[in-house]
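A.B. asks: Once you've had a glance at the structure underneath, I'll fire off some questions.
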Amino acid sequence: MKVLIIGLNYAPEPIGIGPYTRDMATFLAQAGTQVSVVSAAPYYPHWRVAQGYSRFLYRHAVEEGVSVTRCPIYVPENPTGFRRIIHHLSFVFSALIPVMLNILFQRPDVVIAIAPSLMSAPLARMAGRLSGARTWVHVQDFEVEAAFATGLVAQEGRAARLALAFQCWAFRGFDRYSSISPQMCAKLARLLPSSAQVLEVRNWADMSLVESNSDDRAYRAEWALDGKQVALYSGNVSRKQGIGIVVDAARKLKRRDDIRFVICGDGPEMIHLAEATRDLPNVLLKGLQPREQLGSLLSLASVHLLPQIEGAADLVLPSKLTNMLASGRPVIATARAETGLAWEIEGCGLAIPPGDADAFSAAVEAVMDSPAMRSGLGEVARQRARERWSKAAIMSAVQAELSALCMRDLPKTADTITDAAVS
């Protein structure tokens, strides 16, 4: 079987969608599938092309058994709404050449589009039609609604109507659809014809990486955290994260010398974050840490923080949640009770209404002051990661679905991959 994956993001990007696309590609390659990936030069979350890669030249290499073509791309220093559109368009146009070459010389059996970028979905659909391949779109994030939620695009007006119309058109005509949570699958289904089936393919937890190195002593010594309880946020720092509520909570708990807020990240809001926390000695800002130190970093936490702005909880299930839970630590998230994110952490964390800094800081303090609560929530968190986010089970089911897609004409009757994997 030959699979072509078209996705904007790919490792070595350390966080976000890139590592999951890489894991999918390498798993399929190790299982005997011939996998080609067309992606952009790595740039996320720093919003600048990584050292050793070019903004203007193509680069091809075989990485862990996967044929990877990196395309030139425009990366804006300040990713406003219009500049993001140009950013995505630049990938689509530069990806066109390697995609056409793959069609001509490799003749893929399945073409998979990873959204974001939504704009690459029509390219994948075209590639499937030209090559006679089956097509699959996997939605990691609803970009249009996220742009509304973060204020990058106004929710009313002609631009909003055009964006929503393009989203509906871009998703039409694929043989398979999938997304990463029940709520996102339901949202995707509402955009499609009633006959379309949407599979649930979760972002998996890397249990072996998290559990194999859980010694936080080096971090505690280096960052002067011995004897301190740590509220940890690690990941991208942008508008969607709503990181301001963490700053507000740190300010409210400034009197607690035993609590430290540690933020490890990168992104467009880091400069503003540094300014906002300048007078807070209980906040420690650090860059993204090496992937091989993930277990040690996550073990540093007494509690993990997962802020999201209002309205984002059902637009994307944050990929960082999986490894947070795998670390066996409770999670405090900003999400309303009826959202998918709140459902995911029920029993292993606390869901606080977005924007309620008083409730958020009170939740941090309550968890910090109750070892029994931390232990109980943390144990449920680790068990949930094993049950819902097993990488081997999820990817084996994806492999089976790809084989079925190539071999039969009738749609698959199962509506989730995770359910099949767990059972």
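The values are calculated or read from the model by the stated rules, or taken from the named source; none is laboratory data. Fair warning: this is a prediction, and the values are worked out from it, not measured in the lab. Heads up, the Cβs are rebuilt from the backbone with ideal geometry, glycines too, and the neighbour counts pull from every protein chain shown. The area values use the complete protein model at the heavy-atom level, side chains included, leaving out ligands, DNA and RNA. Shrake-Rupley method; radii C 1.70, N 1.55, O 1.52, S 1.80 Å.
A.B. asks: So, of the residues in segment 125-140 that are in a loop (DSSP other than H, G, I, E, B) and open to solvent by less than 20 Å² (accessible area, probe 1.4 Å), which turns out to be nearest to Leu402 (Cα to Cα)?
C.D. replies: So, considering only residues that are in a loop (DSSP other than H, G, I, E, B) and open to solvent by less than 20 Å² (accessible area, probe 1.4 Å), the one nearest to Leu402 (Cα to Cα) is Ala133.
A.B. asks: Also, quick follow-up: Mind checking which pairs have a first residue in segment 135-164 that is modelled with pLDDT under 85 and a second that is hydroxyl-bearing (Ser, Thr, Tyr) and loosely packed, with under 15 Cβ neighbours inside 10 Å, Cβ under 9 Å, 6 or more apart or different chains?
C.D. replies: Correct list of pairs: Leu152/Thr80.
A.B. asks: Considering each of Ser181, Ser214, Ser131 in turn, give the residue that is among the hydroxyl-bearing types (Ser, Thr, Tyr) and touching a Ser or Thr at 6+ places or on another chain (Cβ under 7 Å).
C.D. replies: Ser214
A.B. asks: Filter segment 228-237 down to residues that are modelled with pLDDT under 95 and either small (Gly, Ala, Ser) or touching a helix residue (DSSP H, G or I) at 6+ places or on another chain (Cβ under 8 Å) (or both) and give me whichever is most open to solvent (accessible area, probe 1.4 Å). So that I can check it myself, show each step before the final result.
C.D. replies: From segment 228-237, those modelled with pLDDT under 95 are 234-237; that's our starting set.
Next cut, either small (Gly, Ala, Ser) or touching a helix residue (DSSP H, G or I) at 6+ places or on another chain (Cβ under 8 Å) (or both) only: 234-235, 237.
Values: Ser234: 29, Gly235: 3, Val237: 0 Å².
Step by step, filter segment 228-237, then rank; the result is Ser234.
A.B. asks: Also, I was wondering about something else. Among the candidates Arg202, Arg251, single out the residue that is charged (D, E, K, R), crowded, with 22+ Cβ neighbours inside 10 Å and out of contact with any Asp or Glu (no Cβ under 8 Å at 6 or more places or on another chain). Give the steps one after another, and end with the answer.
C.D. replies: Working: Arg251 fails: crowded, with 22+ Cβ neighbours inside 10 Å.
Exactly one residue qualifies, and that residue is Arg202.
A.B. asks: What are the pairs, 6+ residues apart or on separate chains, where a residue within segment 344-364 that is without any contact (Cβ under 8 Å) to a residue 12 or more places away in the chain and within 20 Å of Ser375 (Cα to Cα) has its Cβ under 9 Å from a residue that is open to solvent by 40 Å² or more (accessible area, probe 1.4 Å) and basic (Lys, Arg)?
C.D. replies: Between residues of segment 344-364 that are without any contact (Cβ under 8 Å) to a residue 12 or more places away in the chain and within 20 Å of Ser375 (Cα to Cα) and residues that are open to solvent by 40 Å² or more (accessible area, probe 1.4 Å) and basic (Lys, Arg), the close pairs are Ala362/Lys252.
A.B. asks: Looking at segment 61-72, which of its residues are in contact with a helix residue (DSSP H, G or I) (Cβ under 7 Å, 6 or more places away or on another chain) and either of a type in the set (D, E, K, R) or in contact (Cβ under 8 Å) with a residue 40 or more places away in the chain (or both)? First the steps, then the outcome.
C.D. replies: In the first step, residues of segment 61-72 are kept if they are in contact with a helix residue (DSSP H, G or I) (Cβ under 7 Å, 6 or more places away or on another chain); the result is 64-66, 69, 71-72.
Listed by number, the residues that qualify are Glu64, Val66.
A.B. asks: Given (1) in contact with a strand residue (DSSP E or B) (Cβ under 7 Å, 6 or more places away or on another chain); (2) without any contact (Cβ under 8 Å) to a residue 40 or more places away in the chain, identify the lone condition not met by Val92.
C.D. replies: Failing condition for Val92: (1).
A.B. asks: Got a sec? Which of Ile97, Ile73 is of a type in the set (A, V, I, L, M), within 27 Å of Arg239 (Cβ to Cβ) and not in a strand (DSSP E or B)? Outline the logic, then answer.
C.D. replies: Details: Ile97 fails: within 27 Å of Arg239 (Cβ to Cβ).
Ile73 is the lone residue from the list that is of a type in the set (A, V, I, L, M), within 27 Å of Arg239 (Cβ to Cβ) and not in a strand (DSSP E or B).
A.B. asks: Can you tell which of Pro122, Pro108 is open to solvent by less than 40 Å² (accessible area, probe 1.4 Å) and part of a loop (DSSP other than H, G, I, E, B)? Break it down stepwise before answering.
C.D. replies: Details: Pro122 fails: part of a loop (DSSP other than H, G, I, E, B).
Exactly one residue qualifies, and that residue is Pro108.
A.B. asks: Which of the residues that make up segment 324-338 are of a type outside the set (D, E, K, R) and surrounded by fewer than 24 Cβ atoms within 10 Å (Cβ to Cβ)? Explain how you work it out, then say what you get.
C.D. replies: First, pick out the residues of segment 324-338 that are of a type outside the set (D, E, K, R): 324-328, 330-335, 337.
The answer is Gly328, Ala337.
A.B. asks: Turning to a different aspect of this structure: Quick one: would you say Arg59 is modelled with pLDDT of 95 or more, open to solvent by 10 Å² or more (accessible area, probe 1.4 Å) and among the charged types (D, E, K, R)? Even if it seems obvious, please write down each step before you answer.
C.D. replies: Values: modelled with pLDDT of 95 or more: yes; open to solvent by 10 Å² or more (accessible area, probe 1.4 Å): yes; among the charged types (D, E, K, R): yes.
Answer is yes for this residue.
A.B. asks: Just one of the numbered conditions (1) over 21 Å from Val210 (Cβ atoms); (2) of a type outside the set (Gly, Ala, Ser); (3) open to solvent by less than 40 Å² (accessible area, probe 1.4 Å) is not true of Leu341; which one?
C.D. replies: Failed condition: (1).
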